[in-house]
Amino acid sequence: QVQLVESGGGLVQAGGSLRLSCVVSGRTFSRSSMAWFRQFPGEEREFVAAISYSGSTSYADSVKGRFTISRDNAKDTVYLQMNSLKPEDTAVYYCAVHYSGSYSYPSSFNYWGQGTQVTVSS
């Protein structure tokens, strides 16, 4: 059974930083490409960042230069370092395991974590 457990969310002031973590179990993590999505109230999940099993990364334009995705295969963990946070980054953040297709679409991912709330105050 594949499980993803996110942590690291919370309340931070604008301009601050947070690091999200996602621990994956029940799957060979080192062979999995991973991504972070976020969801605003009443909206669909949107792509934030992805990292392939080989370490290649991609980012949404809205977070490029501020967020960094990384992975530690020894710990079965993917991270999202978020710097220079803005109030518009406030959302529930989810990690996901890639299945097939473009990283941009939630339908390309087949396992999801429960989400962690990030709130950025102005």
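Just so it is clear, none of the values below were taken in a lab; they were calculated from the coordinates. What you see is a predicted model, and the numbers here were worked out from it, not measured in a lab. Cβ coordinates were reconstructed from backbone atoms using ideal geometry, including for glycine residues, and neighbour counts include every protein chain displayed.
Could you tell me what percent of the DSSP beta bridges with both partners in the chain are antiparallel, to the nearest 5?
90
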Original post:
F67's amide H: which non-local residues (gap 5+, or another chain) put their own amide H closer than 5 Å, with H modeled 1.01 Å from N in plane and none for Pro or chain starts?
Top reply: N83
Original post:
Which three extents, in whole angstrom, do the alpha-carbon atoms of the chain cover along their principal axes, largest first?
Top reply: 40, 28, 25
Subject >> In range of the label at E43: residues from the stretch 75-104 whose backbone nitrogen is under 15 Å from the point 7 Å along Cα→Cβ >> reply: 86-94
Subject >> Restricting the stretch 37-122 to GluC sites (Glu not before Pro) in coil, as DSSP defines it, with at most 13 other Cβ within 10 Å >> reply: E43, E44
Original post:
Can you run phi through the Karplus equation (6.51, -1.76, 1.60; θ = phi - 60°) for the stretch 13-29 and list ³J(HN,Hα) in whole Hz, with x for Gly and Pro?
Top reply: 7, 3, x, x, 9, 9, 10, 8, 10, 9, 9, 10, 10, x, 7, 6, 4
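Once the Cβ-Cβ distance between A14 and K75 is put in as r, and R0 is 22 Å, what FRET efficiency do you end up with, to the nearest 0.05?
0.15
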Original post:
How many angstrom separate the Cα center of the stretch 20-37 from the Cα center of the stretch 104-122?
Top reply: 13
Subject >> Karplus-derived 3J(HN,Hα), 6.51/-1.76/1.60, for each residue of the stretch 89-104, Hz, glycine and proline x >> reply: 7, 4, 5, 8, 9, 10, 9, 8, 9, 6, 10, 6, x, 5, 5, 6
Subject >> Sites Q3 and K86 - FRET efficiency at Förster radius 22 Å, r taken between beta-carbons, to 0.05 >> reply: 0.10
